[in-house]
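Everything below concerns the one structure shown next.
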Amino acid sequence: MRSRILLVATVVAVLGFAPAPLPRKDRRGDDLTDVNGTWEFVECQSNGNPYERTRQNYNADMTRERFTFASKGGGGGATYAMRLDPSASPPSFTWSQNNQVRWVGSYRLRKDEMVMIFGPGNRVEDRPTDFGGKPAWRYVLRRIRR
């Protein structure tokens, strides 16, 4: 009897100090740079007011390095070099043209939905970070194709 108690106590002590399993990738959350694909504009706002022109006329073609306003009717649209920083809090992005940062913002990505808040500027430190506020621009996008 005494040996059983000693055995149980030893097993409990050993298991109590066992290391926790390493986190699996899917437990760590979404890849905050997985933006590749075509996105539709679900909502567009400028200074808190609806801005329907973008939503009605454009989709967004995105990669980790590029954001393009793709006209729904064909033809071209503005293209920006995009830089994502998922390590910032909240994650940040910049849009550049001709090697000059023109827009700075924050983003929130959850699977196939992305919220971007941003404004003109060239310093990421000056980007909007309050998703409940009224930034210069707010886009809500839903991925429709990878």
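The values are calculated or read from the model by the stated rules, or taken from the named source; none is laboratory data. Being a predicted model, the structure only gives us computed values, none of them experimental. Note that each Cβ is placed from the backbone with ideal geometry, even for glycine, and that neighbours are counted across all protein chains shown. Quick note on the areas: whole protein, heavy atoms, side chains included, nothing else; ligands and nucleic acids left out. Shrake-Rupley method; radii C 1.70, N 1.55, O 1.52, S 1.80 Å.
Below is a table of values for the structure above.
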read-out: For ASN47: the one exception among (1) touching a Leu at 6+ places or on another chain (Cβ under 7 Å); (2) more than 18 Å from ARG145 (Cα to Cα); (3) of a type outside the set (Phe, Trp, Tyr); value: (1)
read-out: Considering residues of region 127-146 that are among the charged types (D, E, K, R) and not in a loop (DSSP other than H, G, I, E, B) only, the residue least open to solvent (accessible area, probe 1.4 Å); value: ARG143
read-out: Any hit, region 96-110, residues being open to solvent by 70 Å² or more (accessible area, probe 1.4 Å), within 14 Å of the chain's Cα centre (by Cα) and either over 15 Å from GLU43 (Cα atoms) or not acidic (Asp, Glu) (or both); value: yes
read-out: Hey, PHE93 part of a strand (DSSP E or B), farther than 20 Å from THR33 by Cβ and of a type outside the set (A, V, I, L, M) or not; value: no
read-out: Any hit, region 76-83, residues being open to solvent by 60 Å² or more (accessible area, probe 1.4 Å), of a type outside the set (A, V, I, L, M, F, W, C) and over 16 Å from the mean Cα position of the chain (by Cα); value: yes
read-out: Count - residues of region 111-122 that are at pLDDT 95 or above, open to solvent by 60 Å² or more (accessible area, probe 1.4 Å) and either in a strand (DSSP E or B) or closer than 17 Å to ALA60 by Cβ (or both); value: 3
read-out: Condition check for ASN36: in contact with an Asp or Glu (Cβ under 7 Å, 6 or more places away or on another chain) and modelled with pLDDT of 85 or more; value: no
